[in-house]
Amino acid sequence: MAPESQIPIAASEKRRFAVRLALFYSAVFAVSGTHLPFFPVWLKAIGIDAAWIGIINALPAITRFTTLPYATALAEKRHAVRAGMMVSVLATAVGFAAVGLQQQPLALLLIYALTCMMWTPTIPLTDAYALRGVARYGIDYGPVRLWGSAAFAAGSLACGYLVDIIAARELIWVIVAWAVVAVLASLLLQPLDDVRRRSAEIPAGKALLRDAGFWAVILSAALIQGSHVAYYTFSAINWQAHGLGGLTIAGLWTLGVIAEIVVFALSPRVSLHPSSLMAIGGASAVVRWVVTAHDPPLALLAVVQLGHGLTFGMTILGTMNLLVQRVPSHQIARGQGYYAACIGLLGATTSIASGAIYARIGDGLYYVMAAMAGLGALLIWSARHRLKAHPQSEESGG
């Protein structure tokens, strides 16, 4: 049977799928663009101390390795990836609205935990949906995904502007508003072909969790992406303490995202093997975090922020390309769940530890992040020959 990517598809159908997916990515990442840099600022504004902030910000990562794999597996089992995305964003909007009504740490922790259980599957399910689209329509992942990054930047800038004109205690409602937009965008997503019949025809292969190459990919990605935890959690707080305003902070985040967008846009022209992209991402992160640890002046900090295109962009491109090569299309949601769980486990541990470490050594926390990224780069580089020798393109459509 012909692989999905070889089935003739009308150009208009490809374009319609790509546009609608790009709109959904945009809405979902606009939520992240306001949440990641400014949710800790909101927590501080309502009186939550640094230790609690570290614990609360660990919740998304904790749900990634506890409840998220079950959510993605259930969606895949019921052939309801798209429906799972729609339910996830609706529950997220309701959950963040409930979070905004809380100010006590324990109550906030519990409600935010429930929200994260529904929110964190959104990106893995969306990536699974996108990678099935890559297999089905033959589109490039990077140019579609870049619209999510663009919306992240727009959301961050808009929220940064609002930080200087509204009370920080009101920032949660900006997050809620973007979550509502994501709910509306989910209504435009088109169903993909039912893969039940095709999956039954695909011979059973090695289980994902017995695949050493798959483990190398997700562990390396977890280490490199996990090295961004200090940046995500404490950069805005730290930069505020050094006298930077909300719009400047948002601008610094936006510089990184612009670099990320450029990397995604140029990705179809990149001929390097995905494992090399991940290794470049990890090595770049080592340099980025070491420089950041020295509290560089604003001009140098702006240059360092452009490195996000390498540390995050290159890493995720390499990871997604390796996953679409190695994981059969009918198992891609499960593969995304395992990937997110691995990142979540390491990310939760790092987030909890980072609160205590930051309280003691401040910017020295970035040296720990540099060590994590370096380990991830070494791991993927050592596995590069195995990854080049064992593609599953026919099964995955990649």
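Does segment 348-366 contain any residue that is more than 18 Å from Trp239 (Cα to Cα), open to solvent by 20 Å² or more (accessible area, probe 1.4 Å) and in contact with a Pro (Cβ under 8 Å, 6 or more places away or on another chain)? Don't jump to the end; show me each part of the working.
Start the filter on segment 348-366 by keeping residues that are more than 18 Å from Trp239 (Cα to Cα), which leaves 348-353, 356.
This time we only want the ones that are open to solvent by 20 Å² or more (accessible area, probe 1.4 Å), so: 349, 352-353, 356.
Adding the requirement that they be in contact with a Pro (Cβ under 8 Å, 6 or more places away or on another chain) leaves none.
No, the conditions are met nowhere in segment 348-366.
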Segment 113-128, subset out of contact with any Ser or Thr (no Cβ under 8 Å at 6 or more places or on another chain) and open to solvent by less than 10 Å² (accessible area, probe 1.4 Å), residue farthest from Gln331 (Cα to Cα):
Thr126
Any residue in segment 130-140 that is open to solvent by 10 Å² or more (accessible area, probe 1.4 Å), of a type outside the set (S, T, N, Q), farther than 22 Å from Trp239 by Cα and under 16 Å from the mean Cα position of the chain (by Cα)?
no
Single match in Val94, Val89 (criterion: surrounded by fewer than 20 Cβ atoms within 10 Å (Cβ to Cβ) and part of a helix (DSSP H, G or I))
Val94
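Looking at segment 145-188, which of the residues that are in a loop (DSSP other than H, G, I, E, B) and in contact with a helix residue (DSSP H, G or I) (Cβ under 6 Å, 6 or more places away or on another chain) is nearest to Ile316 (Cα to Cα)?
Leu188
Conditions tested, residue by residue: (1) part of a helix (DSSP H, G or I); (2) in contact with a Leu (Cβ under 7 Å, 6 or more places away or on another chain).
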{"residue": "Leu223", "(1), (2)": "yes, yes"}
{"residue": "Ala230", "(1), (2)": "yes, yes"}
{"residue": "Ile237", "(1), (2)": "yes, no"}
{"residue": "Leu244", "(1), (2)": "no, no"}
{"residue": "Ala259", "(1), (2)": "yes, yes"}
{"residue": "Ala279", "(1), (2)": "yes, no"}
Considering Arg64, Arg82, which residue is in contact with a Cys (Cβ under 9 Å, 6 or more places away or on another chain) and among the basic types (Lys, Arg)?
Arg64
Kindly indicate whether any position in segment 45-53 is within 25 Å of Val180 (Cβ to Cβ) and either assigned to a helix (DSSP H, G or I) or touching a strand residue (DSSP E or B) at 6+ places or on another chain (Cβ under 8 Å) (or both).
yes
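For segment 189-204: of the residues being open to solvent by 60 Å² or more (accessible area, probe 1.4 Å) and in a loop (DSSP other than H, G, I, E, B), which is modelled with the highest pLDDT?
Pro191
I'd like to verify a number: residues in segment 339-375 that are closer than 21 Å to Pro124 by Cα and not hydrophobic (A, V, I, L, M, F, W, C), how many? Write out each step before concluding.
So in segment 339-375, the residues closer than 21 Å to Pro124 by Cα come out as 339-351.
From what is left, the residues that are not hydrophobic (A, V, I, L, M, F, W, C) are 339, 344, 347, 349-351.
Qualifying residue count for the region: 6.
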Residues located in segment 140-164, provided they are farther than 16 Å from Leu323 by Cβ, out of contact with any Gly (no Cβ under 6 Å at 6 or more places or on another chain) and of a type in the set (A, V, I, L, M):
Leu146, Ala150, Ala151, Ala153, Ala154, Leu157, Ala158, Leu162
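The values are calculated or read from the model by the stated rules, or taken from the named source; none is laboratory data. If you're wondering where the values come from, they're calculated on a predicted model, not measured in any experiment. Methodologically, a virtual Cβ is constructed for each residue, glycine included, from the backbone with ideal geometry; neighbour enumeration extends over all protein chains shown. Areas reflect the complete protein model, heavy atoms only, side chains present, ligands, DNA and RNA absent. Shrake-Rupley method; radii C 1.70, N 1.55, O 1.52, S 1.80 Å.
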